[in-house]
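Every number in this text was worked out from the coordinates using simple rules, so none of it is lab data. The structure displayed is predicted, hence computed values, not measured ones. Cβ: placed from backbone, ideal geometry, glycine included. Neighbour counts: every protein chain shown.
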């Protein structure tokens with residue numbers, strides 16, 4: 001185990017993965033929906049959300065775009081001026097080794113201009129979105145990192161982005177499903 005990360009039990013131990021040691025479980029402070037695990041990362045001021053969703057009914061490659069568009073809609077950033085997808089790439093078995101190759105996996109990098117509070121100025125947020133489509137249980141496992149790009153120098157933003165990308169890949173590399181009954 002990398003010394004910057006620690007194993008977190010997710011959904012009552014039905015899943016587990018490593019997250020930064022600086023990640024705090026938000027459910028200890030505020031209510032979180034049953035289909036989500038939400039963490040805040042204090043050094044980079046990022047949020048990390050693991051969400052179990054009913055599979056979107058689209059081809060694997062476009063499913064991640066649909067999920068990103070749904071997120072943009074929830075963030076009231078659903079116009080081309082307010083969101084953009086920088087890249088979508090399939091993830092290899094080596095990048096997500098503990099999840100069977102029968103399940104497709106993708107990574108999306110994008111940006112959204114969101115309004116953190118009503119009346120506040122919109123701010124650009126880097127979105128890193130990992131998708132694991134669980135075949136046979138009609139579930140999309142979505143891990144999203146939201147990294148606000150507020151008042152940071154380009155160098156600070158680059159460091160924060162690299163830190164959060166490493167966190168995403170560490171999460172995916174160590175993700176384990178311990179109990180498939182979680183999915184019905």
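7 Å from Cα along Cα→Cβ at both residue 162 and residue 51: what's the point-to-point distance in nm?
3.0
Just subtract the alpha-carbon distance of residue 62 and residue 173 from 0.36 nm times their residue separation and send over the number in nm, one decimal.
37.7 nm
Hey, in the GNM for the chain with a 10 angstrom Cα cutoff, which one of 158, 112, 121 fluctuates hardest?
Highest fluctuation among the options: 121.
Using a 10 angstrom cutoff on alpha carbons, build the Gaussian network for the chain and name the most mobile of 154, 117, 61.
Highest fluctuation of the listed residues: 117.
Taking the highest mean first, how do the peptides 65-72, 177-184 order by number of other beta carbon atoms within 10 angstrom per residue?
65-72, 177-184
Between residue 93 and residue 120, what is the FRET efficiency for a Förster distance of 45 Å, r being their Cβ-Cβ separation, to the nearest 0.05?
0.60
Working out 0.36 nm times the residue gap between residue 135 and residue 24, then minus their Cα-Cα distance, what length gain in nm do you get to one decimal?
Working it through step by step, the gained length comes to 36.9 nm.
To the nearest 0.05, what FRET efficiency results for residue 154 and residue 86 with a Förster distance of 22 Å applied to their C-beta separation?
Using R0 = 22 Å, I get an efficiency of 0.85.
Hey, could you get me the Stokes-Einstein D for segment 33-184, Kirkwood radius over alpha-carbon pairs, 25 °C and 0.890 mPa s, rounded to whole µm² s⁻¹?
153
Once you order the gyration tensor axes a ≥ b ≥ c over the Cα atoms, which shape class does segment 1-99 get: rounded for a/c under 1.5, otherwise prolate or oblate by comparing a/b with b/c?
In terms of gyration-tensor shape, prolate.
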